[in-house]
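I have placed the structure first, in the form of structure tokens, so that the comments after it can refer back to it.
The values are calculated or read from the model by the stated rules, or taken from the named source; none is laboratory data. The model shown is predicted, which means the values in this text are computed figures rather than measured ones. Cβ: placed from backbone, ideal geometry, glycine included. Neighbour counts: every protein chain shown.
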């Protein structure tokens with residue numbers, strides 16, 4: 001990715017070099033990858049979350065995910081892309097500025113390395129959109145829909161874009177220069193989305209009756225289907241993050257599949273051991289935990305690395321969901337924090353430890369430049385700390401603005417009691 | 001005339017119905033019900049959160065038979081519905097005062 005980003009900068013019109021040439025194979029792969037990543041949100045994540053929601057709120061949950069995607073994508077074109085991948089001038093360490101707002105200055109003939117810049121813009125836009133959508137799982141069944149949509153638009157520009165810039169924004173960007181390894185978004189997407197979910201869960205408050213009354217998922221089947229669609233789409237997410245139809249994408253395919261399979265088996269075994277029953281919901285959760293954990297490492301680790309990342313990713317996420325959540329008492333309803341943040345955090349740190357010392361795979365950083373693994377690990381620690389801090393502060397600020405603009409961020413008690421499908425959307429998931 | 005109500009495990013419905021048809025029980029009314037007895041409920045597990053379900057789904061079948069059929073009917077239901085495990089259900093027998101067939105106006109034993 002890093003090499004590629006340098007190429008992106010070179011591809012800007014003012015700096016265009018003669019050797020930039022469109023490669024049809026790379027272009028085709030990046031277009032397919034973009035569509036695969038899109039599938040992850042309005043199909044994969046929406047079903048994964050929707051299935052776990054109580055039947056009176058399932059449409060609202062789906063609408064939050066779909067709504068986040070469409071709003072965030074528009075915000076991405078308006079300013080997010082520019083803030084993430086533009087030239088930030090004196091603030092280049094932290095943001096990309098507004099120079100490319102509404103994609104001004106970018107032509108349809110421009111290339112990002114070997115494929116059109118517009119494809120890169122859309123590809124990255126699908127990442128922004130799923131990151132926002134991940135947080136919805138923490139506040140389903142009680143957050144106001146209007147507040148959520150305003151939040152999604154602002155958060156894309158104010159929180160997601162700067163974090164993306166710092167990690168992937170090219171020369172001069174804080175964590176990029178430090179040499180942080182994040183292949184496809186363990187910090188940028190999953191820690192970021194999961195932590196913002198937890199912050200929102202605290203700000204919006206618990207659901208009425210939580211944890212005393214039974215809140216049963218409408219359909220574990222839909223959740224399992226959602227997990228499968230996420231997995232399918234993840235080949236674009238991780239494979240596409242090689243930015244070409246090449247051998248690194250092939251490595252990402254292997255590690256993504258292997259780590260995920262190991263994580264699913266691990267979660268099932270833990271449940272079998274602890275609760276005497278291997279649930280399908282557990283297996284589906286293991287799938288997602290594995291996908292999240294391998295995301296930052298996908299193009300950097302080998303077979304043994306992928307197995308370790310997947311297995312421990314599942315253990316960490318299970319701990320978050322079944323132990324930590326109960327101890328701390330927050331209502332992160334669908335475990336965006338437990339699964340996305342914790343597995344993402346594990347993956348980001350594990351990448352520093354398990355990345356193979358192969359300079360054709362590594363990005364510039366302590367490990368590549370001097371074989372300094374401890375130094376690399378410290379850079380990984382720095383990157384999770386910076387991302388965590390920005391997410392924490394940014395999410396609080398954006399929530400209060402969105403809440404103020406929409407007259408409070410939470411539905412009233414009666415609405416919550418009746419269910420948001422009927423009261424907010426005026427429809428029902430099933431008319432039996 | 002007696003009414004026989006049997007609360008049984010749902011998956012036994014087909015067996016019981018066929019067995020009763022064989023001995024000449026000509027009709028029944030079936031309702032899906034929920035309840036518990038000694039079996040109590042069961043628990044469901046979602047990501048480590050355990051929910052106790054108190055009421056289990058059961059089938060309640062009602063049929064009305066003449067006095068001389070009561071014993072045979074009850075025995076047939078017991079035989080066909082029994083698994084030997086807790087939760088097989090119960091049978092209640094009670095008197096019926098009057099039966100009328102709506103179509104013809106026939107009464108009592110004529111109308112069974």
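Details
- Selection count, the range A:389-405, where residues are in contact (Cβ under 8 Å) with a residue 12 or more places away in the chain and under 17 Å from the mean Cα position of the chain (by Cα): 5
- Every residue from the range A:48-61 that is surrounded by 24 or more Cβ atoms within 10 Å (Cβ to Cβ) and in a helix (DSSP H, G or I): A:48, A:49, A:50, A:51, A:52, A:58, A:60, A:61
- Matching residues, the range A:188-218, being surrounded by fewer than 18 Cβ atoms within 10 Å (Cβ to Cβ) and outside any helix (DSSP H, G or I): A:205, A:206, A:208, A:209, A:210, A:211, A:212, A:213, A:214, A:216
- Scanning the range A:358-377 for residues that are surrounded by 15 or more Cβ atoms within 10 Å (Cβ to Cβ) and over 20 Å from residue A:251 (Cα atoms) turns up A:365, A:366, A:372, A:373, A:375, A:376, A:377.
- Considering the range A:331-361, and only residues there that are in a loop (DSSP other than H, G, I, E, B) and within 14 Å of chain B (Cβ to nearest Cβ), the residue that is farthest from residue A:48 (Cα to Cα) turns out to be A:331.
- Within the range B:77-96, being more than 11 Å from the chain's Cα centre (by Cα) and without any contact (Cβ under 8 Å) to a residue 60 or more places away in the chain holds for B:82, B:84, B:85, B:86.
- Against the numbered list (1) surrounded by 14 or more Cβ atoms within 10 Å (Cβ to Cβ); (2) at positive phi, residue B:53 comes up short only at (2).
- Residue ID - farthest from the other protein chains (Cβ to nearest Cβ), chosen from residues in the range B:23-50 that are in a loop (DSSP other than H, G, I, E, B) and loosely packed, with under 12 Cβ neighbours inside 10 Å: B:24
Condition check ((1) part of a loop (DSSP other than H, G, I, E, B); (2) surrounded by fewer than 23 Cβ atoms within 10 Å (Cβ to Cβ); (3) in contact with a strand residue (DSSP E or B) (Cβ under 6 Å, 6 or more places away or on another chain)) across all residues:
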{"residue": "A:109", "(1), (2), (3)": "yes, yes, no"}
{"residue": "A:123", "(1), (2), (3)": "no, no, no"}
{"residue": "A:127", "(1), (2), (3)": "no, no, no"}
{"residue": "A:132", "(1), (2), (3)": "no, no, no"}
{"residue": "A:138", "(1), (2), (3)": "yes, no, no"}
{"residue": "A:155", "(1), (2), (3)": "no, no, no"}
{"residue": "A:160", "(1), (2), (3)": "no, no, no"}
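- Qualifying positions in the range B:24-59 - modelled with pLDDT of 95 or more and in contact with a helix residue (DSSP H, G or I) (Cβ under 6 Å, 6 or more places away or on another chain): B:59
- Subset of the range A:212-235 [within 14 Å of chain B (Cβ to nearest Cβ) and either under 20 Å from residue A:430 (Cβ atoms) or at pLDDT 95 or above (or both)]: A:214, A:215, A:216, A:217, A:218, A:219, A:220, A:221, A:222, A:223, A:224, A:227
- For the residues A:317, A:311, A:284, the requirement of being within 11 Å of chain B (Cβ to nearest Cβ), over 15 Å from the mean Cα position of the chain (by Cα) and within 21 Å of residue A:353 (Cα to Cα) singles out A:317.
- Residue check for residue A:290: closer than 23 Å to residue A:45 by Cβ, within 14 Å of chain B (Cβ to nearest Cβ) and crowded, with 24+ Cβ neighbours inside 10 Å: no
- Tally, over the range A:269-281, of residues that are under 20 Å from residue A:229 (Cβ atoms) and either part of a helix (DSSP H, G or I) or more than 11 Å from every other protein chain (Cβ to nearest Cβ) (or both): 2
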